[in-house]
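Worksheet: the structure to be examined is printed underneath.
The values are calculated or read from the model by the stated rules, or taken from the named source; none is laboratory data. What you see is a predicted model, and the numbers here were worked out from it, not measured in a lab. For neighbour counting, all protein chains shown are included, and Cβ atoms are generated from backbone atoms with ideal geometry for every residue, glycine included.
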Amino acid sequence: MVCSANIMGVRVGVVGLKMGLYLATWGSRVGMDVVVVCDVDPGLRAAAKERFPEAEVTGRWQDLLTSGLDGVVLANDFDAHAPMAAAFLDRGVSVLSEAAACISEEEGRGLIEAAENSSASYSFAENYVFHPHVRLIREAIDSGEVGRVSLVEADYLHGMSPDTVAALIGDPAHWRGRIAATAYCTHTVSPVLALTDAWPTEVTAFSIDEADPRAAVVMTVRLSTGALAVTRHGFLQGEPDSHWSWLSVRGSRALAESVRGQGEQAWSVRVRAEAWATPDGVTRDEIRVPPALSLDGTNVERSAEGTVRILRAFRESVERKAPPLIGVRAAVAASLVGVAGAQSLRKGSCPVPVPDLG
């Protein structure tokens, strides 16, 4: 599969220059012109200026509102995206928002209104939906061999040391120290929603270890199709090699799950169908390897494939008004699972409905 950076001229700005610099680098490779970079940290601004010497540099995101941009990439603090996204959409600037769309139902509904009333587009930069193993599982579902999906499990786990975790989530100056343990859930929930074509209806959340309740959580998410999703995310040992992501889908006819292996193997998918479900009456258990994604004649590293696909689609949405790969309602729905999960934890792990977005 080949993608090509054949058109320049989409003027974009980037807010937040940690993940944002990574996105900007790939964005320039797929045909976007990074003209403004922004971060409150002068060191990050300096690094971005070295990478993009012709770009304007600023510490105020508001400066980008009047920079004549076609689009903006929001990769700043996790819990600060929705108001900024709405401000750019109101100015007719297309938005690509990374990680969380909103941190409350009120923010989510305001973001939906801003996006649907704007001449510009809103795209959610949830690259995990387009990782190689997730795409292979989607193909197995679309072919009908999995059957009706009943149970989905999704992990997003980091195997960091206890001291590193404590420093990260215990630091109130860092966004991870501010957010609820359930909040950073879209890397699990968005693939679940995309694979099932469902909406979340109810969430029950549990701390995995009561001795360290903020470190990792598990959520059970009832879906509009009637299926159940079980998501695990946070800091647990045994992080998956496929960019911290592992998925399993059990259907009425087969199982499709990413391989728990090392390196390249982790991007492959195992499909298992019992003898009664196969045309020849023989149990099928096989490993499928994803095709490479090529950019300008060079294969993209597996962990960047989802990012490249998201950025290409964002460029298309700006240039040609193509529909976003992940639009505002799906982005808000995934983010509100984390909000409902936090409410569930506060209520002693009682089920909490996810707001109906209409």
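Only one of Ser344, Ser349 is hydroxyl-bearing (Ser, Thr, Tyr) and not in a helix (DSSP H, G or I); which?
Selected residue: Ser349, the only one of Ser344, Ser349 that is hydroxyl-bearing (Ser, Thr, Tyr) and not in a helix (DSSP H, G or I).
Residues are listed down the side, and each one gets a yes or a no for (1) assigned to a helix (DSSP H, G or I); (2) within 21 Å of the chain's Cα centre (by Cα); (3) under 30 Å from Ser28 (Cβ atoms); (4) of a type in the set (Asp, Glu):
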{"residue": "Glu107", "(1), (2), (3), (4)": "yes, yes, no, yes"}
{"residue": "Leu136", "(1), (2), (3), (4)": "yes, yes, yes, no"}
{"residue": "Leu151", "(1), (2), (3), (4)": "no, yes, no, no"}
{"residue": "Ala154", "(1), (2), (3), (4)": "no, yes, no, no"}
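Taking segment 82-106 on its own, how many of its residues are acidic (Asp, Glu) and modelled with pLDDT under 95?
Looking only at that region, the number is 1.
Does Ala331 meet the test of being assigned to a helix (DSSP H, G or I), under 30 Å from Tyr22 (Cβ atoms) and touching a Leu at 6+ places or on another chain (Cβ under 6 Å)?
So Ala331 fails the test.
Suppose we filter segment 304-327 for residues that are surrounded by 17 or more Cβ atoms within 10 Å (Cβ to Cβ) and either more than 20 Å from Val14 (Cβ to Cβ) or among the small types (Gly, Ala, Ser) (or both); how many remain?
Of the residues in that region, 6 qualify.
Only residues that are farther than 23 Å from Ala342 by Cα and either buried (at least 23 other Cβ atoms within 10 Å of the Cβ) or without any contact (Cβ under 8 Å) to a residue 12 or more places away in the chain (or both): list them for segment 198-242, please.
The one that is farther than 23 Å from Ala342 by Cα and either buried (at least 23 other Cβ atoms within 10 Å of the Cβ) or without any contact (Cβ under 8 Å) to a residue 12 or more places away in the chain (or both): Ser242.
Give me the pairs: first residue in segment 247-273 and on the phi > 0 side of the Ramachandran plot, second residue surrounded by fewer than 22 Cβ atoms within 10 Å (Cβ to Cβ), beta-carbon distance under 7 Å, and six or more apart or on different chains, which are they?
Pairs that qualify, where the first residue is on the phi > 0 side of the Ramachandran plot and the partner is surrounded by fewer than 22 Cβ atoms within 10 Å (Cβ to Cβ), are Gly263/Asp241.
Of all residues in segment 94-117 being touching a Leu at 6+ places or on another chain (Cβ under 9 Å) and free of Cβ contacts under 8 Å to residues at least 40 places away in the same chain, which is surrounded by the fewest Cβ atoms within 10 Å (Cβ to Cβ)?
It comes out as Asn117.
Out of all the residues in segment 12-27, which are surrounded by fewer than 24 Cβ atoms within 10 Å (Cβ to Cβ) and over 14 Å from Ala304 (Cα atoms)?
Lys18
Got at least one residue in segment 278-288 being crowded, with 19+ Cβ neighbours inside 10 Å and either part of a helix (DSSP H, G or I) or not β-branched (Val, Ile, Thr) (or both)?
Filtering segment 278-288 down to residues crowded, with 19+ Cβ neighbours inside 10 Å leaves none.
No, the conditions are met nowhere in segment 278-288.
Would you mind telling me which numbered condition in (1) in a loop (DSSP other than H, G, I, E, B); (2) in the same structural domain as Arg232 (by TED's automatic domain parsing) Ser119 fails?
The single condition Ser119 does not satisfy is (2).
Checking Glu116 against (1) touching a Ser or Thr at 6+ places or on another chain (Cβ under 9 Å); (2) more than 30 Å from Pro240 (Cα to Cα), which single condition isn't satisfied?
Status for Glu116: all satisfied but (1).
Pick out, from segment 170-275, the strands (runs of 3 or more DSSP E) lying fully within it that include 2 or more residues that are over 20 Å from the mean Cα position of the chain (by Cα).
Fully inside segment 170-275 and qualifying: 200-207, 245-251, 255-258, 269-273.
May I ask you to list the residues in segment 289-315 that are over 20 Å from Leu325 (Cβ atoms) and in a strand (DSSP E or B)?
Those that are over 20 Å from Leu325 (Cβ atoms) and in a strand (DSSP E or B): Thr298, Asn299.
Can you find even one residue in segment 53-75 that is surrounded by fewer than 21 Cβ atoms within 10 Å (Cβ to Cβ), within 21 Å of the chain's Cα centre (by Cα) and in contact (Cβ under 8 Å) with a residue 12 or more places away in the chain?
No, there is no match, as no residue in segment 53-75 is surrounded by fewer than 21 Cβ atoms within 10 Å (Cβ to Cβ), within 21 Å of the chain's Cα centre (by Cα) and in contact (Cβ under 8 Å) with a residue 12 or more places away in the chain.
Can you pull out every residue in segment 140-177 that is surrounded by fewer than 16 Cβ atoms within 10 Å (Cβ to Cβ) and either touching a Cys at 6+ places or on another chain (Cβ under 7 Å) or among the charged types (D, E, K, R) (or both)?
Asp142, Arg148, Asp163, Asp171
Residues are listed down the side, and each one gets a yes or a no for (1) out of contact with any helix residue (DSSP H, G or I) (no Cβ under 9 Å at 6 or more places or on another chain); (2) in a helix (DSSP H, G or I); (3) at pLDDT below 95:
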{"position": "Ile7", "(1), (2), (3)": "no, no, yes"}
{"position": "Gly13", "(1), (2), (3)": "no, no, no"}
{"position": "Ala24", "(1), (2), (3)": "no, yes, no"}
{"position": "Val34", "(1), (2), (3)": "no, no, no"}
{"position": "Val37", "(1), (2), (3)": "no, no, no"}
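Any idea how many residues of segment 122-134 are in a loop (DSSP other than H, G, I, E, B) and either over 14 Å from Ala101 (Cβ atoms) or among the β-branched types (Val, Ile, Thr) (or both)?
Residues in segment 122-134 being in a loop (DSSP other than H, G, I, E, B) and either over 14 Å from Ala101 (Cβ atoms) or among the β-branched types (Val, Ile, Thr) (or both): 1 in total.
Among the residues that make up segment 343-352, is at least one of them farther than 12 Å from Pro200 by Cβ, of a type outside the set (S, T, N, Q), modelled with pLDDT of 95 or more and in contact with a Cys (Cβ under 7 Å, 6 or more places away or on another chain)?
No, segment 343-352 contains no residue that is farther than 12 Å from Pro200 by Cβ, of a type outside the set (S, T, N, Q), modelled with pLDDT of 95 or more and in contact with a Cys (Cβ under 7 Å, 6 or more places away or on another chain).
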